[in-house]
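Here the structure comes first, spelled out in structure tokens, and everything after it is commentary.
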Amino acid sequence: MQCHEVSQKISAFVDEELPPWEYREVARHLEICSRCRAEYRAFALIKVVAREIGKVTPKKIPERGVSLEHVMRVLRFRKTLWVIAILFGLLVGIFLILGWQRSLLDEQILNPNHLSAFSEDVLTRTQVRVETLELVTGEY
Amino acid sequence: MSGEHVASVERTLEEERLWFEERVRECETNLFRFAYYLTGNAERAKDLVQEAFLRAFQYRHSFDSRYPFESWISAILLNIYRQHERRDRFLKFFSALWQNKDSEEENEEDFMEQLRCEGEGPETIALRRQVIRDVYKAIGDLPRKMKEVIVLCDIMGYSYEEASEVIGCPIGTVRSRLHRARRYVKKVLEAAYGDELLRLWG
């Protein structure tokens, strides 16, 4: 077995997760190759250190300070609330826009300059309203 | 356990709840450790575990009793973690600007406080602590997929087969990801200690 092949299998060799024949091949190579042996030792050391880390059972403490992430995480649990708030906001927005347009329309209807644009024959209130509406919507 | 579960499905909700609580008690500590090493933060780990338990209870009927309960619930936790990671990607960027490194260091300090190192003399002990801290940090900096594998196999001590069940990928993928993860950690250690590490560690 060549160095580059062994190098790919060292990690599994450390974990003894290789098929027996491959395991034997790698072991044989490690006996003769100091560079691969050094890599094997480094990998084994990482495993040992990681196991040391794994022996620690962290404290179930926390609550330290406020972080943006934490705040958002708490808020995420109220997702439904957010959806309702957004829908409500949209509804209010739509009403505001409609109200604003209505007020613009009223202004146009009640504007005497605007009314003078129509002939006197048709200058009854209802007709003006209809024609102003048509004017506003671009159909006149 | 399998018969027990099958029977429990036919039982009342209260009995199911008791069965579930018993399973939860058995694996709670391990699950918390798993979540902690994934997130590097006890608070987030606690949230993850709670959410995993909730979801597991919700989908308890989909549990296949041929597999260990711990692997099943670990897979659920891992999925939740992945979802959170995806959602928090944008948040993390701003959070990094918002927070300084203090809280991360505090987390690390908390972890190191609980670490008991053995060795001959205070120098060896200090060095070992330093190496463990560096490895812990390097694992924390790994890309998500590699981190999942190294946490499961090296820190939690799962076999490749168990890890592949939890992650939901073939054993070959576990093997290659673990290899790359260890290589990354090795590079970090080499940069910090050179070739002397093995001699220093003893």
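Figures for the structure shown
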| item | result |
| --- | --- |
| In the stretch B:116-148, residue surrounded by the most Cβ atoms within 10 Å (Cβ to Cβ) [restricted to those that are of a type in the set (Val, Ile, Thr) and facing chain A (nearest Cβ under 8 Å)] | B:Ile139 |
| Helices (runs of 4 or more DSSP H) wholly inside the stretch B:149-202 containing at least 3 residues that are within 8 Å of chain A (Cβ to nearest Cβ) | B:171-193, B:197-201 |
| Matching option when the condition is at pLDDT 80 or above and more than 16 Å from the chain's Cα centre (by Cα), among B:Arg60, B:Arg116 | B:Arg60 |
| Subset of the stretch A:61-100 [modelled with pLDDT under 60 and among the charged types (D, E, K, R)] | A:Glu63, A:Arg64, A:Glu69 |
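The values are calculated or read from the model by the stated rules, or taken from the named source; none is laboratory data. What you see is a predicted model, and the numbers here were worked out from it, not measured in a lab. Cβ coordinates were reconstructed from backbone atoms using ideal geometry, including for glycine residues, and neighbour counts include every protein chain displayed.
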